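Have a look at the structure below, then the notes.
The values are calculated or read from the model by the stated rules, or taken from the named source; none is laboratory data. Just so we're clear, the structure is a prediction, and the values are computed from it rather than from any experiment. Cβ atoms come from the backbone with ideal geometry, glycine included; neighbour counts cover every protein chain shown. Ligands, DNA and RNA are excluded from the accessible area calculation, which covers all protein heavy atoms including side chains. Shrake-Rupley method; radii C 1.70, N 1.55, O 1.52, S 1.80 Å.
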Amino acid sequence: MRLNENVIKEVQAEIESVKEELAYIESSNFSGELKDQRILALTKALEEAEDFLAAQAES
């Protein structure tokens, strides 16, 4: 089942947003466990979204 192009565009926009937030957090003065947890959560979300788009491209 192929998703509608608007959904794909929304996922792509979310990927860009997550990348921007990751870059901000990584370059910020935040430190410690909370920063590490946020980076891990964002990285996981990014990987899942990219995997989702790859699966859509294959179908």
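Each Cα pair under 8 Å and six or more residues apart adds its sequence gap; the mean of these over the residue count of the chain is a relative contact order of 55 percent.
Between Glu47, Glu33, Glu20, the Gaussian network model of the chain with springs among Cα atoms under 10 angstrom shows the greatest mean-square fluctuation at Glu33.
What is the extension gain from Ala54 to Ser27, computed as 0.36 nm multiplied by their sequence separation minus the C-alpha to C-alpha distance, in nm to one decimal? List each step's numbers first, then the result.
Values: separation 27, 0.36 × 27 = 9.72 nm, distance 2.86 nm.
Additional length available on full extension: 6.9 nm.
In order along region 8-25, the phi-based Karplus estimate (6.51 cos²θ - 1.76 cosθ + 1.60, θ = phi - 60°) of 3J(HN,Hα) comes to 4, 5, 5, 5, 4, 5, 5, 4, 4, 4, 5, 4, 5, 5, 4, 4, 4, 5 Hz; Gly and Pro are listed as x.
Counting only protein heavy atoms and a 1.4 Å probe, tell me what percentage of the chain's accessible area is made up of carbon and sulfur.
On the way: 2390 of 4540 Å².
Carbon and sulfur: 53 percent of the exposed surface of the chain.
Average accessible surface for the chain: 77 Å² per residue, computed with a 1.4 Å probe over protein heavy atoms with every protein chain in place.
Which loop-located trypsin sites (Lys or Arg not before Pro) does the chain contain, where loop means any DSSP state but H, G, I, E or B and the Cβ has at most 14 other Cβ atoms within 10 Å? When the trypsin sites (Lys or Arg not before Pro) of the chain are filtered for loop state and at most 14 Cβ neighbours within 10 Å, Arg2 remain. Its residue count N sets the reference 2.2 N^0.38 Å, and the alpha-carbon radius of gyration of the chain equals 1.33 times that reference.
For the chain, the longest principal axis of the Cα atoms and the long axis of helix 33-58 meet at an angle of about 10 degrees.
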